[in-house]
Amino acid sequence: MKTGDTGVEKRKYVRLDRSVMISYKKAGSSEGYDMTNTKDISKGGTFFFSNVSYPVGTELELLVNFPFRIGKERAKIICKVVNVIKKDKFYGIGVEFIKMDKTVLSELHLFIDNLKKKLGLE
């Protein structure tokens, strides 16, 4: 994603179009989770649409149904909102992963690497 007139890429990792089911809520909140699908995913974050606008810097708790974890419990990830885009009645939420189990992180990196090879992006 390019920003302004500088043409500088801000992301550390390439995001791949990939729909993954997630449940999300504000970290530490006692409220229930909302559900949606991701629009894309990378080794360092994801993007999804929400009916709630979260300010940049807000920490969210995600429960993710990664396809490489079939038969296992959903992965719990703490992330930080880094971008919010208003679109019609919804908000596009870009988040950066900040805390997840090391095994899940390794599995995610392998999954993304394999997906990039399959798509001819490496």
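The numbers here are math on the coordinates, done by the rules we state, and not lab data. A quick note: this is a predicted structure, and the numbers were derived from the prediction, not measured. Note that we place each Cβ from the backbone using ideal geometry, even for glycine, and neighbour counts take in every protein chain shown.
Per DSSP helix of 4 or more residues, -39500 (n - 2.57); summed, then divided by the residues of the chain. What does that give at 222 nm, rounded to the nearest 500? Walk me through the intermediate numbers first.
On the way: 1 runs with 17 residues, N = 122.
Calculated at 222 nm, the ellipticity per residue is -4500 deg cm²/dmol.
Comparing 45, 57, 71 in a Gaussian network model of the chain, where Cα atoms under 10 Å apart are tied by springs, the biggest mean-square fluctuation is seen for 71. 3J(HN,Hα) along region 67-76, derived from phi through the Karplus expression 6.51 cos²θ - 1.76 cosθ + 1.60 where θ = phi - 60°, amounts to x, 7, 10, 4, x, 10, 5, 5, 7, 9 Hz, with x in place of Gly and Pro.
When the chain is treated as a GNM with alpha-carbon contacts under 10 Å, the residue of 101, 34, 88 showing the greatest mean-square fluctuation is 88. Here r is the Cβ-Cβ distance between residue 70 and residue 27 and R0 is 41 Å; the resulting FRET efficiency, rounded to 0.05, is 0.95. When the Cα positions of 48, 98, 68 are compared along the charge dipole of the chain, 68 comes out farthest toward the positive end, with charges on each C-beta of Lys, Arg, Asp and Glu. Normalised by the number of residues in region 62-122, the mean separation of alpha-carbon contacts (under 8 Å, six or more apart) gives a relative contact order of 26 percent. Computed on the chain, with alpha-carbon pairs under 8 angstrom and 6+ residues apart, the relative contact order is 21 percent.
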